[in-house]
Structure formats: structure tokens, C-alpha cells
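The values are calculated or read from the model by the stated rules, or taken from the named source; none is laboratory data. Values in this document were obtained by computation on a predicted structure and should not be read as measured data. Backbone-built Cβ (ideal geometry, glycine too); neighbour counts: all protein chains shown. Quick note on the areas: whole protein, heavy atoms, side chains included, nothing else; ligands and nucleic acids left out. Shrake-Rupley method; radii C 1.70, N 1.55, O 1.52, S 1.80 Å.
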Amino acid sequence: MTTRRDFIIKSVLATAATGFSAKSYGKIIGANDRVRVGCVGFSDRHRASHVGPFKAMQKEMNFEMVALSDLWNRRREEGKAFLDKQLGSDVKVFRNNEELYSSKMVDAVFISTADFQHALHTIEAVKAGCDTYTEKPLAETMEDNRAVLKAVKASGKIVQIGSQRRSGENYFAAEDFIKSGKFGPIVMVELMWNVNQPGRWRRPELTKDLKESDVDWKRYLMNRPMVPFDPRKYLEYRLFWPYSSGIPGQWMSHQIDTVHWFSGLPHPRSVVANGGIYQWKDGRTNADTLTVVFDYGPLNDKSTGFQVQFTSRFSNAAGDTKELYYSNGGMINLDTNEISATGGLREREAKAMGLQPNLLPTVKLEGAKVEAGANTGGDPLTFAHIRNWMECVRSRKTPHAPIEAGYSHSIATIMSNAAYRTGLKVTFDEKTQEVLAGGKPFKY
């Protein structure tokens with residue numbers, strides 16, 4: 001029997017190591033049909049991180065890229081040229097998603113558009129009968145988050161959220177260790193994501209070239225308020241609310257997702273945040289430095305739980321990225337992929353208090369270190385994650401990062417954004433599924 005870890009190892013070692021036979025495919029209805037795939041938004045992420053793994057597996061998995069939808073005429077031209085050359089395709093281009101889905105050309109789509117559009121574009125796709133690989137963050141408002149969860153669950157379609165840590169062998173090993181009880185209760189999680197990149201999320205040369213006549217600005221805004229055309233909000237949307245929460249949606253969503261996964265908890269109980277625009281005074285409205293503190297634990301028992309701290313800055317890269325899980329017995333370090341007794345309760349201190357020492361053994365977690373660069377390319381985790389999606393499109397099994405995972409990470413990122421923007425302690429209303437700041441639903 002092939003385990004999920006075997007599956008990931010085979011995926012990463014070689015594209016030829018499939019683990020799926022033609023005979024097993026033949027048992028699935030439509031298994032011999034070619035899966036026709038579309039690109040919704042020819043973004044940097046799609047070009048750098050989706051196309052390579054897709055190219056490596058398209059023949060083996062019998063997938064084909066057939067269509068591209070993008071609101072910008074330049075991206076349509078560049079996208080077709082790139083996809084045709086890389087994949088040997090003859091991609092048909094569409095000006096918008098209505099045209100794409102009306103064509104009935106596609107069975108599945110990659111969605112890597114602006115952050116605030118992910119949920120809405122996923123709704124469009126599943127209602128058109130398509131499976132999706134949807135990049136994170138899934139949603140930036142609870143209205144969109146609730147709507148996409150409802151639409152996907154009603155559709156029965158396969159949706160893989162682009163949280164590629166969920167396809168990492170080392171993360172599976174950490175999950176197993178924590179859930180086995182060997183680690184002990186989590187008492188604290190420290191998350192960090194630091195860079196020193198003045199150009200991160202900036203596109204100054206492109207913004208000079210983009211004209212309103214080149215795009216469909218109204219379609220771009222979707223359900224956001226109508227405002228005058230601004231090329232920065234189109235191309236540098238990560239810097240501006242309400243098109244992106246910036247740091248929470250782009251970076252924290254990855255790391256907080258593992259907290260939900262490992263703990264089995266759906267969202268924080270409360271969130272506070274502080275930060276600002278301390279370094280890059282370039283007109284952005286999203287923070288370049290942010291610290292968020294979460295309280296996690298059973299929703300019906302506040303006597304137990306743990307704290308999570310997330311910090312990020314754009315002005316100094318010291319510390320890089322870190323994911324550190326602590327128990328009374330030691331630490332899981334997902335930067336070095338090691339479980340150790342670091343900081344654990346030692347024998348002398350334990351005996352002085354009449355307690356048993358609780359030191360963890362040193363365990364090396366197998367698996368590749370997660371890639372935290374701007375575009376991860378064909379890194380092992382993204383490769384395995386896209387492979388898992390393609391296999392689930394065939395088998396109709398639940399993917400590693402299903403819609404519920406995206407819904408949960410979005411609650412956490414929306415709570416973080418609300419806490420930063422209001423300066424208030426933020427909570428979550430289970431009954432209404434609303435993020436509350438000062439007792440009122442957070443809106444943009």
C-alpha cells in the first residue's frame with residue numbers, strides 16, 4: 001500500500017516515478033479523457049511556479065493547457081507565447097473569465113490572480129463545472145470566504161489551495177509526531193518571515209506602461225468599491241488594501257495554516273496586532289512591518305491553549321523565515337527540520353519541583369526545506385502539491401489542502417488584518433462566522 005509519504009517521495013525524486021498505473025486509471029470514469037486546463041491570470045506566480053511542474057507531468061497525467069484568461073492585453077500576448085513554447089500548446093486566449101467558461105473548453109483551472117479575487121474566481125470556476133488550483137490567500141473578507149466555501153461544497157469540485165507545505169514530507173512527519181502525543185501539548189509557536197527587498201511587490205517599470213485602455217478596470221475591481229483607474233493597484237495590489245492584506249495574506253497564510261493543520265483547531269480565539277509603514281514610504285497602505293499575536297485553543301475551554309506569535313519586516317532580513325513549535329519537552333524546528341529537547345524541562349529542575357523530566361529525543365525530519373523566495377519555481381513542495389491536485393482531479397479524492405484549509409487560514413489572516421487596521425482585540429463569532437473588532441463585523 002502506497003503511503004502519502006511514499007507518494008511525495010516519488011513525486012519529488014522523478015517525474016517518471018508515478019505510482020499510478022494505466023490499469024488503475026482505467027477504473028475511474030473518464031480516466032482516459034484528457035484533462036483540459038486553463039490559466040486564470042497569467043501572473044508571475046503561474047509562470048515561475050505552476051508551469052514547470054505542469055510541464056513535467058502533463059504527458060504522464062494526460063493533462064493539457066488549452067486556454068488563458070487575462071484582463072490585460074499584454075499579459076494575454078505574453079502568456080500565450082510563453083505557454084505555447086514551454087508546453088507545446090496552442091493556447092486560446094480570452095479577455096475575461098465569462099468568455100473562457102462560455103467556451104466550454106476547460107475542465108480545470110489554475111487561479112493566481114490578485115489576492116482579493118481568488119475566492120470570487122474560484123466561485124466562478126466551480127459554478128462553470130471546473131476543478132481549481134487556487135493560490136492563497138483564499139479570501140480577504142469573510143463575505144467572500146463564506147461564499148467560496150458554500151459554492152465549492154455545493155459543487156463537489158476538487159479545489160486545492162496553494163498551501164504547498166501540506167504536501168511536504170517534513171510537515172507530514174511533524175504532524176504525525178505532534179498528533180501521536182510524543183511532543184506533548186503545544187505551548188507556543190513562533191513564526192517569522194523577514195526580507196530586505198525594496199522591490200518586493202513593486203512593479204515600477206510595468207506601472208509606467210499600463211494604460212486604462214489596456215485592461216478592463218471594472219472587471220478587475222469585481223466586488224470592491226469603484227475607484228479611478230490606478231496602475232499601481234492593478235500591478236502592485238499587494239501593497240494596497242482592500243485588494244490585499246499584504247503580509248497576512250501573502251506570507252502569514254502559509255505558516256498559520258500549519259498551526260491549524262497540526263493542532264486540529266479551525267481558527268484563533270483572539271488576535272491582536274501592531275505594525276506600520278516604517279521603511280518604505282512609497283504610497284503603500286499595507287504595513288511593511290507587522291507583529292501579530294494569537295490565542296489558540298479549544299473554543300469551549302479557555303483554561304487550556306497556546307500562543308502563536310508571527311513577525312515580519314521588509315527592512316532587514318535577519319532571521320529569515322522560521323517556524324518553531326514549543327512544548328514543555330522541547331522544540332520542533334521546521335527551518336532545520338529537527339525535533340530536539342531544546343528548552344525542555346530538565347532533570348534537576350523537574351526533581352526540585354517533584355516532577356518528571358520531559359525531554360524529547362533528537363529526531364531529524366526528512367524532507368526539503370520550504371522555499372520562501374518571491375517565486376518558488378519548481379521546488380519540491382510546489383511540485384508535489386500540484387501533482388497531488390492533478391491526481392485528485394483524476395481520482396476525485398480530497399486533496400492535501402482542501403477548501404476547508406483555505407477557509408480556516410483566511411479567518412486567521414482576516415482577523416490579523418482587522419486587528420492591525422482597527423488597533424482592537426479581534427475575535428470570531430462562531431454563529432455568524434464573522435470577524436469581530438469592537439464587537440462589530442470587520443469590513444473594508
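Worth pointing out:
- Filter pass, Phe94 being among the aromatic types (Phe, Trp, Tyr) and open to solvent by 30 Å² or more (accessible area, probe 1.4 Å): no
- Residue list for region 412-433, filter: buried (at least 24 other Cβ atoms within 10 Å of the Cβ), polar (S, T, N, Q) and under 18 Å from Leu265 (Cβ atoms): Thr413, Ser416
- Pairs are defined by a Cβ separation below 8 Å, a sequence spacing of at least 6 or placement on different chains, a first member in region 341-352 that is closer than 7 Å to Gly330 by Cβ, and a second member that is open to solvent by 40 Å² or more (accessible area, probe 1.4 Å) and β-branched (Val, Ile, Thr); the pairs so defined are Ala341/Thr362.
- Among residues of region 74-103 being among the hydrophobic types (A, V, I, L, M, F, W, C) and in a strand (DSSP E or B), the one that is farthest from Ala56 (Cα to Cα) is Phe94.
- Region 334-350, residues that are part of a strand (DSSP E or B) and buried (at least 18 other Cβ atoms within 10 Å of the Cβ): Ile339, Ser340
- Condition check for Leu290 on (1) of a type in the set (A, V, I, L, M); (2) open to solvent by 20 Å² or more (accessible area, probe 1.4 Å); (3) at pLDDT 95 or above: one failure, at (2).
- A single member of Leu265, Leu206, Leu239 is of a type outside the set (Ser, Thr, Tyr), surrounded by fewer than 20 Cβ atoms within 10 Å (Cβ to Cβ), touching a residue at least 12 places away in the same chain (Cβ under 8 Å) and in contact with a Gly (Cβ under 8 Å, 6 or more places away or on another chain), and it is Leu265.
- For Arg200: the one exception among (1) of a type in the set (D, E, K, R); (2) open to solvent by 10 Å² or more (accessible area, probe 1.4 Å); (3) part of a loop (DSSP other than H, G, I, E, B); (4) under 24 Å from Phe294 (Cα atoms): (4)
- Of all residues in region 120-137 being part of a loop (DSSP other than H, G, I, E, B) and in contact with a helix residue (DSSP H, G or I) (Cβ under 7 Å, 6 or more places away or on another chain), the one that is surrounded by the most Cβ atoms within 10 Å (Cβ to Cβ): Pro137
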